[in-house]
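**Student:** Have a look at this one before I ask anything.
What follows draws every value from the coordinates through simple rules; no lab data is involved. Nothing here was measured: the structure is a model prediction, and the numbers come from that model. Here Cβ is always computed from backbone atoms with ideal geometry, including for glycine, and neighbour counts include all displayed protein chains.
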Amino acid sequence: MTARPGFLSWRRPLRILAAGALAACLLPPATSALAAPAYNVEIDGAGKSTSMLKKFLDISRRADTSGLAPEEIRRLVATTPRQIKELLATEGYFAPVVRSELDRSTKPWTARFHVVPGPRAHVDSVEIHFSGEVANGPHADPRRVERLRRHWSLDPGDTFTQQAWSDAKDALLKPLLVEDYPAATIKHSEARIDPAKASAALVVDIDSGPAFTFGPLRIRGLKRYSQAMIDNLNPIHPGDPYSQQKLNELQSRLQDTGYFQSAFATVNVDPDHPHNVPVRLDLTENPRKRLALGGGFSTDTGARAQVKWLDRNFLQRNWRLESELRIDRETRLLGSDVFLPALDNGWLPSFGAHYERTVSAGETDDKIRAGPQLASPDKRDEKVWAISYFGDRQQIGDDFRNNREALVASFTYTRRRVDNLLSPRRGYLASAEFDAGPRGLINEANIARVHLRATWLKRLIGRWHTVVRGELGQVFGGNRLTVPGDLLFRTGGDQSVRGYGYETLGVEQNGAIVGGTVMAVVSGELIYQLTPSWGAAVFTDAGNAADSWSQFHFAHGTGIGARWRSPIGTETLDLAYGHETHTIRPHFSIGYGF
């Protein structure tokens, strides 16, 4: 027996699955669960496949239909064994034995099906063939072909299922489609099934087609803003090899400017014309000015009100002005940033000034931060250079007041390697910030500061995922009486050490918690994905801040939580127990930091 996925022998079971899903949506109210069933359906012996069979079999979906004639019920019983065999074939069972019985002595009647699935098919052999320019001609790349073969995911000995077969072929084709060969296709594929041996011999033929190169940029939808700004941000040059990542990077850079509501970069994939293919860029511009009112809530800082003013042609120079007023339980913030057009190399200059008043853990700070910065256009490997002035007036209770200020130069590098920036499930994010300022007119001492952060996400087995976080910081030179609070460290809260209030872990001073010169946080959580959107988690966090490592000790928090992959990012709701305070705190947040 030979089964050829993608041909007639596989289409019928797939049509059964599709028809079952459609019928589940379209059944009239008369067939609701409240109606008396026309008959009962019992299936035994199918193991984990039982729920799938009950969901998609015609006899199961029509069990609650009133008014079925006895002849129709007998017809359904007679055709069900064939449907069971076809559905089990999608799960790798190609030699099942099915016995059926219609018991008319019960009220209502009972349709019984005993299933012996038999052995599940395993992959016996795999043949992968490549043609096209990746394998032949001047662009042939034997090492790339061999690398693709090594990453084939359905190896001899693995269980054969229709889903695993489809996923393996998709994973084989995708690396060609996204780099150099957007016209690559699966020219031929088949799975030769031997039911007697419960084995599958797999054959896949990939045609890479020709290697494509980019041509000139053609823009549609540009009216308000200059093309020079787009040219400076464009990472694609005529003659470059085709890369989906480059197209995505162009879109991301333009949308990050704030000038465009949407940006879509595409090419016409025509195998007969693969060279110097024009890049079509479709833009939807944002209006020049915008007033936004917003609100929100966080378990860290409570309710929040926010007003933003945006002018994308500030001083008639295509500068982007962003001003913000934000008020929550612990913070009053007023500030503005001005973003200048990109430089010829794509880097983005900006400057800004902010005033912030914070009331946290018994400490009140009035803070000013101002200065210019220069950011790289690549968000996967983002670099930011800055010069910043920090000044604050610290108050604790009625007796303690302290003025602090510093001028530092900074470099921050952030590396993002995740499958999705809004709701990542695998990959990692890491950042390193270095600050330094010499003793002189403003700084009372030589100051240096290091702040490292990393988040690692990985899928484990089945529906299990893990998230591991780490954070480390230290200030060299100066102390908490001379270094402004924004350069010191406190921790605790939703995305730090859960089980404790926002920034309530630090150095105790006069009954308040203030920033320290050293800080460390470690966190691990295990998530079980209940559905594609919902998950349940257990976690443990540990961290603290102190004046020195000799005085440092970890404060621990453990708990459970829920995870929801929402359209705006992964939302987390946690209940955490703080081992130092012996209290339980709720925590709510959206997304992963940086």
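**Student:** Under a straight-distance cross-link criterion of Cα-Cα below 19 Å, which lysines are reachable from residue 246, leaving out those fewer than 8 residues away in the same chain?
**Tutor:** 174, 379, 383
**Student:** Run the numbers for residue 146 and residue 366: contour at 0.36 nm per residue of separation, minus the present Cα-Cα distance, in nm.
**Tutor:** Using 0.36 nm per residue and subtracting the Cα-Cα distance, I get 73.1 nm.
**Student:** Mind checking the angle between helix 70-89 and the chain's longest principal axis? C-alpha axes, 0 to 90 degrees, to the nearest 10.
**Tutor:** Long axis of 70-89 versus the principal axis of the chain: about 60 degrees.
**Student:** Hey, another quick one. If a/c stays under 1.5 just call it rounded; otherwise compare a/b with b/c (prolate if a/b is bigger, oblate if not). Do that for region 30-141, with a ≥ b ≥ c from the square roots of the Cα gyration tensor eigenvalues.
**Tutor:** Note, shape of region 30-141 comes out prolate.
**Student:** Hey, what angle do you get for helix 244-256 against the long axis of the chain, alpha-carbon based, 0 to 90 degrees rounded to 10?
**Tutor:** Compared with the principal axis, the helix lies near 40 degrees.
**Student:** Can you give the local net charge around residue 515? Use residues other than it whose beta-carbon is closer than 9 angstrom to its beta-carbon, Lys and Arg +1, Asp and Glu -1.
**Tutor:** My count for the surroundings of residue 515 gives -1.
**Student:** So how far apart, in nm, are the two label points at residue 194 and residue 105 if each is 7 Å from Cα heading toward Cβ?
**Tutor:** About 4.6 nm, to one decimal.
**Student:** Would you mind pulling out the separation of the Cα centroids of region 529-590 and region 268-302, in Å?
**Tutor:** Each part's Cα centre sits 33 Å from the other's.
**Student:** Could you derive backbone 3J(HN,Hα) for region 160-175 from the dihedral phi with the Karplus parameters 6.51, -1.76 and 1.60 (θ = phi - 60°), listing whole Hz in sequence and x where the residue is Gly or Pro?
**Tutor:** Result, rounded to whole Hz: 9, 9, 4, 5, 5, 5, 5, 5, 5, 5, 4, 5, 6, 7, 4, x.
**Student:** Can you give the convex hull volume of the alpha carbon atoms of region 213-288 per residue, in Å³?
**Tutor:** Dividing the Cα hull volume of region 213-288 by its residue count gives 75 Å³.
**Student:** Report, in degrees rounded to the nearest 10, the 0 to 90 angle that the Cα long axis of helix 8-26 makes with the longest principal axis of the chain.
**Tutor:** Once rounded, one gets 70 degrees.
**Student:** If I model a spin label at residue 187 and residue 329 as a point 7 Å from the Cα along the Cα→Cβ vector, what separation in nanometres do I get?
**Tutor:** Label-label distance for residue 187 and residue 329, simple model: 6.6 nm.
**Student:** Taking a point 7 angstrom from the Cα of residue 355 along the C-beta vector, which residues in region 316-330 have backbone N less than 17 Å away?
**Tutor:** Answer for this model: 323-328.
**Student:** Mind listing the phi-derived Karplus ³J(HN,Hα) values for region 537-551, rounded to whole Hz, using 6.51, -1.76 and 1.60 with θ = phi - 60°, and x for any glycine or proline?
**Tutor:** Karplus values, whole Hz, x for Gly and Pro: 9, 10, 8, 9, 10, 8, x, 4, 9, 7, 7, 7, 5, 5, 9.
**Student:** Among 263-274, 76-87, how do they line up from the highest to the lowest mean number of other beta-carbon atoms within 10 Å?
**Tutor:** Result, highest mean first: 76-87, 263-274.
**Student:** Which whole-number value in Å³ per residue fits the convex hull of the alpha carbons of region 342-590?
**Tutor:** 135
**Student:** Another one. Projecting each Cα onto the charge dipole of the chain (Lys/Arg +1, Asp/Glu -1 at the beta carbon, about the Cα centre), which of 545, 260, 505 comes out farthest on the positive side?
**Tutor:** Working it through, the farthest residue towards the positive pole turns out to be 260.
**Student:** Quick one: go through region 261-275 and flag any residue whose amide nitrogen is under 19 Å from the point 7 Å out along the Cα-to-Cβ line of residue 222.
**Tutor:** In region 261-275, the label zone of residue 222 (backbone N under 19 Å from the point 7 Å along Cα→Cβ) covers 261-268.
**Student:** May I pose another question? With runs of 4+ DSSP H residues as the only contributors, calculate the mean residue ellipticity of the chain at 222 nm using -39,500 (n - 2.57) per run, divided by the residue total and rounded to the nearest 500.
**Tutor:** Only helices count here, giving -5000 deg cm²/dmol.
**Student:** Separate question: Which lysines have a Cα less than 18 Å from the Cα of residue 289, not counting those fewer than 8 places away in the same chain?
**Tutor:** Counting by Cα, and skipping residues close in sequence, residue 289 has these lysines nearby: 223, 308.
**Student:** Okay, moving on. Explain nothing, just the number: dipole magnitude of the chain about its Cα centre with +1 on each Lys and Arg Cβ and -1 on each Asp and Glu Cβ, in debye rounded to the nearest 20.
**Tutor:** Dipole about the Cα centre, nearest 20: 1480 debye.
**Student:** Cross-link candidates for residue 85: which aspartates and glutamates have Cα within less than 19 Å, leaving aside residues fewer than 8 places away along the same chain?
**Tutor:** 42, 44, 58, 101, 194
**Student:** Still on this model: So what are the ³J(HN,Hα) numbers for region 229-236, from phi and the Karplus equation (6.51, -1.76, 1.60; θ = phi - 60°), rounded to whole Hz, Gly and Pro as x?
**Tutor:** For region 229-236, the Karplus curve yields 4, 5, 4, 5, 9, 6, x, 9 Hz.
**Student:** So between residue 163 and residue 307, what do we pick up on full extension, going 0.36 nm a residue minus the alpha carbon distance?
**Tutor:** Taking residue 163 through residue 307 to full extension adds about 47.0 nm, to one decimal.
**Student:** For each of 229, 519, count neighbouring Cβ atoms within 10 Å of the residue's Cβ, then give the residues from fewest to most.
**Tutor:** Sorted ascending by nearby Cβ count, the order is 229, 519.
**Student:** Highest mean first, how do 128-136, 308-316 rank when packing is the count of other Cβ atoms within 10 Å averaged over residues?
**Tutor:** Answer by packing, highest mean first, reads 128-136, 308-316.
**Student:** How do 378, 494 rank when sorted from fewest to most other Cβ atoms within 10 Å of their own Cβ?
**Tutor:** In increasing order of surrounding Cβ atoms, one gets 378, 494.
**Student:** Suppose R0 equals 51 Å. What FRET efficiency, 1/(1 + (r/R0)^6) with r the Cβ-Cβ distance, do residue 450 and residue 245 give to the nearest 0.05?
**Tutor:** 0.95
**Student:** Quote the FRET efficiency, to the nearest 0.05, computed for residue 268 versus residue 42 with a Förster distance R0 of 56 Å and r equal to the Cβ-Cβ distance.
**Tutor:** It comes out at approximately 0.50.
**Student:** How about region 381-465: which trypsin sites (Lys or Arg not before Pro) there are in a DSSP loop, with at most 14 other Cβ atoms within 10 Å of their Cβ?
**Tutor:** 426, 439, 463
**Student:** Can you tell which of 478, 53, 462 lies farthest toward the positive end of the dipole of the chain, using +1 and -1 charges on the Cβ of basic and acidic side chains (Lys, Arg; Asp, Glu)?
**Tutor:** 53
**Student:** To the nearest µm²/s, what D does Stokes-Einstein give for region 122-207 at 20 °C and 1.002 mPa s, using the Kirkwood radius over alpha carbon pairs as Rh?
**Tutor:** This corresponds to a translational diffusion coefficient of 159 µm²/s.
**Student:** Kindly give Rg over Rh for the chain, based on alpha-carbon atoms, with the Kirkwood expression for the hydrodynamic radius.
**Tutor:** Rounded to two decimals, Rg/Rh equals 1.06.
**Student:** Could you put 396, 442, 527 in order, starting from the residue whose Cβ has the fewest other Cβ atoms within 10 Å?
**Tutor:** Ascending number of Cβ neighbours within 10 Å: 442, 396, 527.
**Student:** Any number yet on Rg/Rh for region 499-594, C-alpha, Kirkwood?
**Tutor:** 1.04
**Student:** Once the piece of chain linking residue 562 and residue 72 is laid out straight, how much longer is it, given 0.36 nm per residue of separation minus the C-alpha distance between them?
**Tutor:** So the extension gain works out to 171.8 nm.
**Student:** Name the long-range amide H neighbours of residue 130: under 5 Å, sequence gap of 5 or more, or other chain; modelled H, no Pro or chain starts.
**Tutor:** HN-HN under 5 Å from residue 130: 206.
**Student:** Now for a different question. How far is it, in nm, from the label point at residue 125 to the one at residue 50 when both lie 7 Å from their Cα along the line to the Cβ?
**Tutor:** 3.9
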